[in-house]
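Have a look at the structure below before the remarks.
The values are calculated or read from the model by the stated rules, or taken from the named source; none is laboratory data. Given the structure is predicted, the values throughout are model-derived calculations rather than measurements. Cβ coordinates were reconstructed from backbone atoms using ideal geometry, including for glycine residues, and neighbour counts include every protein chain displayed. Accessible surface areas use protein heavy atoms only, side chains included; no ligands, DNA or RNA. Shrake-Rupley method; radii C 1.70, N 1.55, O 1.52, S 1.80 Å.
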Amino acid sequence: MAATPETGYLVLADLTGYTAYLSRSELEHAPTIAGDLLETIVGRLEPPFRLAKFEGDAAFLFVEDGRADPSLMLDAVEATYLAFRRRLRSIDQATSCDCNACRLAPRLDLKVFVHHGSYVRGRISGRDELAGRDVILIHRLLQGSRASRADKRGFALLTDAAADALALDPLALRLEEGTETIEHLGEVRTFVLDLESRWEDDAARRLLTVVPGSELLDIELSVAADPSVVWAYLTSPALRSLWESAITIEEDVQGGRRGVGTTTRCVTGQLATLEEIVDWQPYEHVGWRLTVPSVGPIAATADLQVAGEGTHLRVRWGYLGTTPLDPAAVERIRTERTAALGRLGHIFDRLSVS
């Protein structure tokens, strides 16, 4: 019986400089370090992506159409690179070993290729495999001109098919445009996202914080879900509506990518809350400035930390205005947000047993 073609996103995450690293390192140490880094990479890409297989110094993943919010897919790529660089930094700072494998590990980097197309699934030698023209294409990009450039800065390369499927505006997102010519497959238009610059921005950025004494609420809960899943429920309008009660969310996304500068209008009954994202650290921290009816300007933050097999979530709201607040309005906010986060916790309780 012939396999049924599917469409979705294909992702190839490749350790840059691994061949040179392996040639100069002790064989007993280098593969272990590379394996640790690949586990870090896959751990951040899953979900929304699913691992198809490891390929030496690379990981091949995919996700079918309709299974994830497009903006969350880019969050996953960005969060993966930040986690990878943090892991490299911890290896460099924590080890006292002076072997070449440990000493040279910080020279490794990561490049991520994203394509959208069709594929079929089949069984080869007892293993599930993806096959098709688009599977070949994304692997050939590893040998392309962008991948072999001497600067070796971490990047994500998206094909035009991926950018179109994600509804991205490459100009608004300041993506570097290029082309790759692949034998038998022709010319492929590409867009490059500079992940190294994102790492540098992350290291320098000051997070939005709630000033002590301004707190309207400070709620913590632990849930049995990965930070990437919790992040999706906190930031995706379609998922927020599942726990934010009777709410309509109208989002203005710049360039097709949710992040700093995204504005949202949340309508409940006759009231509308205006939100602007001012901090965006995928899977770890998000900060909003809100304008809440009958209350005024508010700084809101959500912080996520891995806790055992789940996530510890802390949500804080702080008042930014100068006019004294109505105690009844403050109590209403606390009651509403406590109930909403309680509903969010129940969702994860159901997910953990399903």
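One residue alone among T301, T273, T323 is under 18 Å from I249 (Cβ atoms) and hydroxyl-bearing (S, T, Y), and that residue is T273. Considering region 323-354, and only residues there that are hydrophobic (A, V, I, L, M, F, W, C), modelled with pLDDT under 90 and touching a strand residue (DSSP E or B) at 6+ places or on another chain (Cβ under 8 Å), the residue that is surrounded by the most Cβ atoms within 10 Å (Cβ to Cβ) turns out to be I333.
Cβ-Cβ distances below 8 Å connect the following pairs, each with a first residue in region 53-71 that is touching a residue at least 24 places away in the same chain (Cβ under 8 Å), a second residue that is among the β-branched types (V, I, T) and open to solvent by 20 Å² or more (accessible area, probe 1.4 Å), and a separation of six or more residues or different chains: D57/T19; E64/T7; D65/T7; S71/V253. Applying the selection to region 129-147, what residues are surrounded by 13 or more Cβ atoms within 10 Å (Cβ to Cβ) and in a loop (DSSP other than H, G, I, E, B)? G132, G144, R146, A147 - these are the residues of region 129-147 that are surrounded by 13 or more Cβ atoms within 10 Å (Cβ to Cβ) and in a loop (DSSP other than H, G, I, E, B). For region 148-175, a residue qualifies if it is surrounded by 17 or more Cβ atoms within 10 Å (Cβ to Cβ), part of a loop (DSSP other than H, G, I, E, B) and either touching a Phe, Trp or Tyr at 6+ places or on another chain (Cβ under 6 Å) or small (G, A, S) (or both), and the qualifying residues are G154, P170, L175.
Flag: D201 matches the condition of being at negative phi and not in a strand (DSSP E or B).
Considering region 297-322, the residues that are closer than 20 Å to T338 by Cβ and among the charged types (D, E, K, R) include one that is surrounded by the fewest Cβ atoms within 10 Å (Cβ to Cβ), namely R314.
Does A156 satisfy the condition of being closer than 20 Å to T7 by Cβ and either modelled with pLDDT of 90 or more or out of contact with any helix residue (DSSP H, G or I) (no Cβ under 6 Å at 6 or more places or on another chain) (or both)? No, not satisfied. Considering the conditions (1) assigned to a helix (DSSP H, G or I); (2) surrounded by fewer than 15 Cβ atoms within 10 Å (Cβ to Cβ); (3) at pLDDT 85 or above; (4) not basic (K, R), F84 is excluded by exactly one of them, (2).
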